Amino acid sequence: MSEQAEKAARFRALHAAPGAFVIPNPWDAGTAKLLTSYGFPALATTSAGFAYSLGRPDGMGLLRREELLINAADIAGATALPVSGDLENGFGERDLDIETTIIGASAAGLVGGSIEDATGNSEAPIYAFDAAVARIRTAAAAARSLPHDFVLVARAENFLHGRPDFDDTLKRLVAYAEAGADCLYAPGVSDPELIKAIVRAVAPKPVNVLVPGKAGLSAADLAALGVKRISLGSALVRVCIGALMRAAEEIMIHGTFTALNGAVAYGDVQARFRDLLERERADAAGQS
């Protein structure tokens, strides 16, 4: 079994195991290595985190497929964990565009990925129902054509685009499951009763939830609702950017540096990455 096939098998098994697992979102190789070291079972890329690292806003069609997949390959190559990809809406209107994205994700080392039903057009932000279902069917067929397993996640984006229509969202998720999606995801849905309704409607397929910070739900709470995957989305990169913004504002406005007191010591960061490098070298030597 190839390394990628083995990762794919591990990733699939996580979706069948009891309870829920947290799948955090690194935005480069360094953050992938750090998150791996904390014992998470899998990772997922974040288009927002990658966009911000390039100085671009998220969700405006400013990321190209090729650069996103290069970033995904960097992340997948930095960890022994299974990695799933934020593949946005598949980067195009044609079936061929979606197929190219799924096949490219696999070539980048990913063992899963999500396709959303957001158009990128602010005047009509969500694909019409039939078109959205057809796009997931195309993505599922492409995923099944790969030489190894690939967990396809279908995302219903209503709640992220000012359309909190739960009935339509639920209808879409059920249709996406029937079209071949392996896991269902409606980012922005945080009400426990609505989450439970999604879990019931698409069962036995697993449900992914974006960590609902304001709802105050813990991983255990979400597991009790029947959720299988808990994504952090762009939360971690926003934590980092928030710390930078607060520090920069204090320095420029007040000329003081107290915000820097929260920084991790240089020696501690050095030690962490040095330990990770030594482990990688030891693992490589053991395999040779």
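The values are calculated or read from the model by the stated rules, or taken from the named source; none is laboratory data. None of these values were measured; they are calculated from a predicted model. Note: ideal-geometry Cβ built from the backbone for every residue, glycine included; neighbour counts use all protein chains shown. Heavy atoms of the whole protein, side chains included, go into the accessibility calculation; ligands, DNA and RNA do not. Shrake-Rupley method; radii C 1.70, N 1.55, O 1.52, S 1.80 Å.
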Test: residue in segment 20-32 that is closer than 22 Å to R238 by Cβ and among the hydroxyl-bearing types (S, T, Y): yes
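Residue-by-condition table, conditions (1) basic (K, R); (2) surrounded by 11 or more Cβ atoms within 10 Å (Cβ to Cβ); (3) closer than 21 Å to L43 by Cβ:
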| site | (1), (2), (3) |
| --- | --- |
| V237 | no, yes, yes |
| C240 | no, yes, yes |
| A243 | no, yes, no |
| I251 | no, yes, no |
| T256 | no, no, no |
| N261 | no, no, no |
| V269 | no, yes, yes |
| F273 | no, yes, yes |
Residue satisfying condition, being among the aromatic types (F, W, Y) and farther than 27 Å from L54 by Cβ, within set F273, F257: F257
Pairs, first under 15 Å from E157 (Cβ atoms) in segment 79-99, second among the polar types (S, T, N, Q) and open to solvent by 20 Å² or more (accessible area, probe 1.4 Å), C-beta under 8 Å, six or more apart: N89/T119
Residue in segment 239-262 that is in a loop (DSSP other than H, G, I, E, B) and touching a Lys or Arg at 6+ places or on another chain (Cβ under 7 Å) present: no
Test: A139 is assigned to a helix (DSSP H, G or I), over 25 Å from A48 (Cα atoms) and in contact with a Leu (Cβ under 9 Å, 6 or more places away or on another chain): no
Matching residues in segment 114-134 - criterion: being more than 21 Å from F166 (Cβ to Cβ) and part of a helix (DSSP H, G or I): A134
Residue satisfying all of: in segment 98-119; over 25 Å from S2 (Cα atoms) and open to solvent by 20 Å² or more (accessible area, probe 1.4 Å); modelled with the highest pLDDT among these: E116
One residue from L35, L69, L63 being part of a loop (DSSP other than H, G, I, E, B), buried (at least 16 other Cβ atoms within 10 Å of the Cβ), more than 13 Å from the chain's Cα centre (by Cα) and of a type in the set (A, V, I, L, M, F, W, C): L63
Residue check for R155: modelled with pLDDT of 95 or more, under 17 Å from the mean Cα position of the chain (by Cα) and open to solvent by 10 Å² or more (accessible area, probe 1.4 Å): yes
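For every residue, the table says whether it meets (1) under 18 Å from L87 (Cβ atoms); (2) of a type in the set (S, T, N, Q).
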site	(1), (2)
G104	yes, no
G109	yes, no
A118	yes, no
I126	yes, no
R135	yes, no
L160	yes, no
T169	no, yes
L184	yes, no
G188	no, no
Qualifying residue in segment 14-24 (condition: touching a Cys at 6+ places or on another chain (Cβ under 7 Å) and open to solvent by less than 40 Å² (accessible area, probe 1.4 Å)): yes
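Yes or no, residue by residue, for (1) surrounded by fewer than 17 Cβ atoms within 10 Å (Cβ to Cβ); (2) under 30 Å from G39 (Cβ atoms):
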{"site": "A73", "(1), (2)": "no, yes"}
{"site": "N89", "(1), (2)": "no, no"}
{"site": "E123", "(1), (2)": "yes, no"}
{"site": "Y127", "(1), (2)": "no, no"}
